[in-house]
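One structure is given below, encoded as structure tokens.
The values are calculated or read from the model by the stated rules, or taken from the named source; none is laboratory data. Nothing here was measured: the structure is a model prediction, and the numbers come from that model. Counting neighbours? That spans all protein chains shown, and the Cβs are built from the backbone with ideal geometry, glycine included. For the accessible areas, the whole protein counts, side chains as well, though only heavy atoms, and no ligand, DNA or RNA atoms are used. Shrake-Rupley method; radii C 1.70, N 1.55, O 1.52, S 1.80 Å.
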Amino acid sequence: MGKDLIATVVALLIIAGTVLAMPSPADTTLDSLTFDLCINAPSRENYPDAKSVTLYGEKTIILRPDGNYTITWHTIQKVLTFSGKKALSNVKYGYDSDYEAIEITRARSITPAGDSIFNVSVVESLQINDITPPGLSKAGIYASLKQRVVTLPGVDDSSIVEISGTIYNTDKPEKPFGDIEFLAVEAPVIFYRLTIVVPEGEKLVFASANGAPEPIIEGNRYIWTVEDYPGIIPEPQGPLGRNLLPCVYYTTTRSWNLAADYIQKRFMPKALPTEEITTKAGEITGKFEGREAVDTLTSWVARNIKMIDLELGDAGFVPNDAATILKNSYADTRDRCVLLAALLNAKGFEPKFALLPPRNALVDENVPVLAQFSRMVVVIETSSDGRLWLWTEDDYTPPGSLPGYDGEKALLMSRGKGELVEVPNIAPSDNGMDIDFELTLDYEGAIFGKMSALFRGNYERGLRMDFRDASPRRRLQRLENIVSNLGEGELSSDSSFSFSSLENLDKNPSLELRFESKDFAFKQGEMMIFNFPGNPMDFAGTEINTSIDERVEPLVLPTPFRENYSFKVRIPDGYRVVWVSEPTVLKNDFGEMRVSSSVDNQTVKYAMSLTVNNCRVEPSEYVSARELMRLSMAPKNRMILLEKVMPDEPEIEGENE
């Protein structure tokens with residue numbers, strides 16, 4: 001059906017010429033393209049795994065010589081399921097009202113009502129609204145990011161939704177031309193065309209990624225066409241969309257040096273130290289010099305300047321000056337770096353700016369488009385510690401570390417030079433936790449004891465984020481959540497816990513708590529089964545989903561890690577150990593798992609360590625990850641089997657003395 005429909009679309013495009021690029025005003029009359037698409041639209045049987053299908057789509061981006069631009073689009077999509085109905089009943093388009101305007105030129109739903117008969121419901125003005133995107137309510141300080149929400153009436157699980165519109169700039173944006181444009185997402189696509197037009201004599205730098213076709217180039221027009229794209233079924237813990245879905249990276253910036261120069265010209269003058277900044281730098285550092293001064297200034301910015309969570313570029317690339325930022329006491333990722341750079345300049349350091357992509361994102365080195373990056377950091381070079389990456393958005397990990405980053409490509413900038421460099425890799429030994437349990441198991445299967453945990457890297461960041469600034473009530477609630485994951489346990493008392501080094505970033509923080517669980521072990525006749533618990537803390541740890549047998553997409557984990565678990569379990573005198581998990585070692589390219597155990601009189605000692613070396617696992621390597629994780633979770637590797645050796649009756653005090 002897909003190929004037949006493609007032929008129909010292409011034929012009608014030839015007949016209609018350029019009329020379809022600018023759809024007529026919204027009404028109840030179906031033009032020949034839309035009518036034919038409705039008649040020949042596929043059903044759910046054609047795409048049983050899809051929520052919707054794009055029958056036709058076209059988007060045109062025009063850049064003019066004066067830097068102004070226009071974006072027009074026209075989409076016709078078929079609903080296939082209830083989930084698809086929900087998604088296409090409320091369609092959102094993002095724009096920045098500070099320098100952009102948006103017009104919806106057509107919005108309507110078309111629902112079958114009989115043989116070649118359709119009910120057409122046209123969107124009224126009251127069904128089109130602007131909202132602030134969720135999570136960006138405080139971002140208005142920097143940018144007027146909006147979403148135009150189109151609520152379509154009369155949509156059911158067999159409707160067709162048609163929308164067209166235009167976005168154009170009303171003021172010159174404070175960022176260079178370029179972006180990442182998706183040709184398709186999860187839903188199947190029958191036909192979609194992207195056209196980018198640049199001024200005569202201008203050259204578009206681009207890359208077609210993840211199976212996107214190469215464009216047809218007609219002078220200053222670049223045209224990508226997708227036909228009969230089958231869609232994808234997202235797999236758990238897959239890569240970011242830009243590294244999975246067919247898309248186009250594009251810009252008119254010709255090199256990374258020019259991209260870096262664009263940033264430097266706008267940022268370095270704002271980071272020059274004024275008298276006020278110099279005085280403040282002295283107050284913050286006191287007698288500290290060298291690395292201690294760097295760490296102190298970084299932590300001060302992270303703690304004392306309120307974070308406005310905007311991605312890099314959302315508000316353009318013209319920051320405030322350092323004195324204004326200091327006065328405001330709030331900043332996004334750009335302004336935080338400007339302030340830190342100014343403070344470092346005041347102390348005689350030579351800071352540089354660097355741009356980071358989203359965590360785990362791959363960077364296309366051939367297309368110098370700034371849209372590939374989402375965060376900014378400050379970098380300084382030292383003779384003693386080498387290159388230091390200074391993260392300013394929070395201070396939950398030691399200065400000099402980039403939380404959650406592991407070998408991604410960053411754009412390091414100096415005057416007139418832009419260089420793609422790898423951020424530091426994370427060694428598994430530097431990221432993880434050690435959890436020790438000392439437990440007493442009683443005759444009825446209850447346990448009493450303590451858990452002690454030491455955290456490293458991202459794990460310590462999670463602990464500090466959850467507990468350092470939390471109220472006493474909030475802390476207690478979170479601790480109760482932890483022990484409830486230990487056989488629905490309870491804290492021994494409201495004060496039976498302690499932390500260390502939540503404030504001191506020079507040391508790894510720890511948590512110790514005492515708890516009890518009345519129904520932890522399972523009794524069956526003369527036998528009792530004790531299962532060693534896994535990680536009970538949702539703020540620290542790495543989920544690895546190996547539920548599917550094979551993967552098409554890479555498995556992407558946050559970071560490499562090592563988790564060490566040790567148990568010392570005192571078993572009741574009325575039982576003996578029949579079996580305990582045997583020593584096991586599995587080592588492959590993905591990582592390593594080790595289990596050891598011993599029994600000494602009525603005490604069982606058990607230890608397990610799990611190490612993951614890579615955070616990106618290609619489909620061909622997935623079998624190693626699945627094997628390791630399934631073995632680590634296998635009951636035979638996490639169990640004590642006990643047998644009763646005395647009658648099930650109360651023990652008389654002093655009888656065994």
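Below, the figures for the structure above:
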| item | result |
| --- | --- |
| R478 paired with D442, simple spin-label distance in nm, labels 7 Å along Cα-to-beta-carbon | 3.1 |
| Ellipsoid semi-axes in whole angstrom, largest first, where each is sqrt(5λ) of the Cα gyration tensor of region 163-234 | 25, 16, 12 |
| In Hz, Karplus ³J(HN,Hα) per residue of region 181-194 (6.51, -1.76, 1.60; θ = phi - 60°; x = Gly, Pro) | 10, 8, 8, 7, 10, 6, 6, x, 10, 7, 8, 8, 9, 10 |
| Probe 1.4 Å, protein heavy atoms only - accessible area per residue of region 46-166 in square angstrom | 43 |
| Binned Cα-Cα distance frequencies in the chain - 10 Å width, integer % | 3, 13, 19, 20, 18, 14, 8, 3, 1, 0, 0 |
| Cut-off under 5 Å, modelled amide H: who pairs with L557 long-range | R616, V617 |
| Accessible area expressed per residue, region 584-629, with surrounding protein chains retained (probe 1.4 Å, Å²) | 47 |
| Stretchable slack from F82 to L641, in nm (0.36 nm times residue separation minus alpha-carbon distance) | 196.4 nm |
| Residue (of G432, I380, I447) at the positive-pole extreme of region 376-510, dipole from beta-carbon charges | I380 |
| Förster-model FRET efficiency, 22 Å R0, F35 and V122, C-beta, rounded to 0.05 | 0.90 |
| From phi via Karplus (6.51, -1.76, 1.60), per-residue ³J(HN,Hα) for region 295-307 in Hz, x at Gly/Pro | 5, 5, 5, 4, 5, 5, 4, 4, 8, 9, 10, 5, 7 |
| Residue (of V226, C247, T296) at the positive-pole extreme of region 226-306, dipole from beta-carbon charges | T296 |
| Packing-based order for 270-281, 208-219, using average beta carbon neighbours within 10 Å, highest first | 270-281, 208-219 |
| Cα-centre dipole for region 152-194 with unit charges at Cβ (Lys and Arg positive, Asp and Glu negative), debye to 20 | 240 |
| Three-way shape label, region 202-288, alpha-carbon gyration tensor, a/c 1.5 | oblate |
| 222 nm mean residue ellipticity, helices alone, for the chain (DSSP H n ≥ 4; -39,500 (n - 2.57); rounded to 500) | -6000 deg cm²/dmol |
| In nm, spacing of pseudo-spin labels at D600 and D130 (7 Å Cα→C-beta vector) | 7.2 |
| Region 216-351: equivalent-ellipsoid semi-axes (sqrt of 5 x gyration tensor eigenvalues, Cα, Å) | 41, 20, 13 |
| Quarter of the Cα convex hull surface for region 434-512, i.e. its orientation-mean projected area (nm²) | 5.4 |
| Highest to lowest packing among 455-468, 132-145, scored as the average C-beta count within 10 Å | 455-468, 132-145 |
| Of Y93, N320, A625, farthest towards positive along the dipole that unit charges on Lys, Arg, Asp, Glu beta carbons give the chain | N320 |
| M307, M451, reordered so the largest accessible area comes first (probe 1.4 Å) | M307, M451 |
| Peptides ranked, highest mean first, by Cβ atoms within 10 Å: ranges 319-325, 51-57, 238-244 | 51-57, 319-325, 238-244 |
| Förster radius 22 Å - calculated FRET efficiency between I141 and D171 (Cβ-Cβ, nearest 0.05) | 0.75 |
| Cα shape, region 142-199, gyration tensor, a/c 1.5 rule | oblate |
| Label-reachable residues, region 260-275, where backbone N falls under 17 Å from a point 7 Å from R415's Cα toward its Cβ | 260-273 |
| Efficiency of FRET between T324 and F288 - r from beta-carbon atoms, R0 22 angstrom, step 0.05 | 0.30 |
| Fully extended contour minus Cα-Cα distance, from K450 to T70, at 0.36 nm per residue | 130.5 nm |
| Solvent-accessible surface (1.4 angstrom probe) belonging to S471, in square angstrom, nearest 10 | 60 |
| Check: region 340-421 dipole with +1 on Lys, Arg Cβ and -1 on Asp, Glu Cβ, in debye | 240 |
| Mean Cα-pair separation over length for the chain, i.e. relative contact order, pairs under 8 Å, 6 or more apart, % | 9 |
| Computed over region 302-358, the ratio Rg/Rh where both radii use C-alpha atoms and Rh is Kirkwood | 0.95 |
| Angle between the chain longest axis and helix 458-467 axis [Cα atoms, degrees, rounded to 10] | 80 |
| Hz values of 3J(HN,Hα) by residue in region 267-283 - Karplus curve (6.51, -1.76, 1.60), Gly and Pro given as x | 9, 4, x, 6, 9, 6, x, 7, 4, 5, 5, 4, 4, 5, 4, x, 4 |
| For region 553-624, alpha-carbon Rg over 2.2 N^0.38 Å | 1.49 |
| 37 °C / 0.692 mPa s Stokes-Einstein diffusion coefficient of region 89-222, Kirkwood radius on C-alpha pairs, µm²/s | 182 |
| Debye, to nearest 20: dipole size of the chain, +1 on Lys, Arg Cβ, -1 on Asp, Glu Cβ | 1580 |
| Difference of contour (0.36 nm per residue) and Cα-Cα distance, E490 to D394 | 31.4 nm |
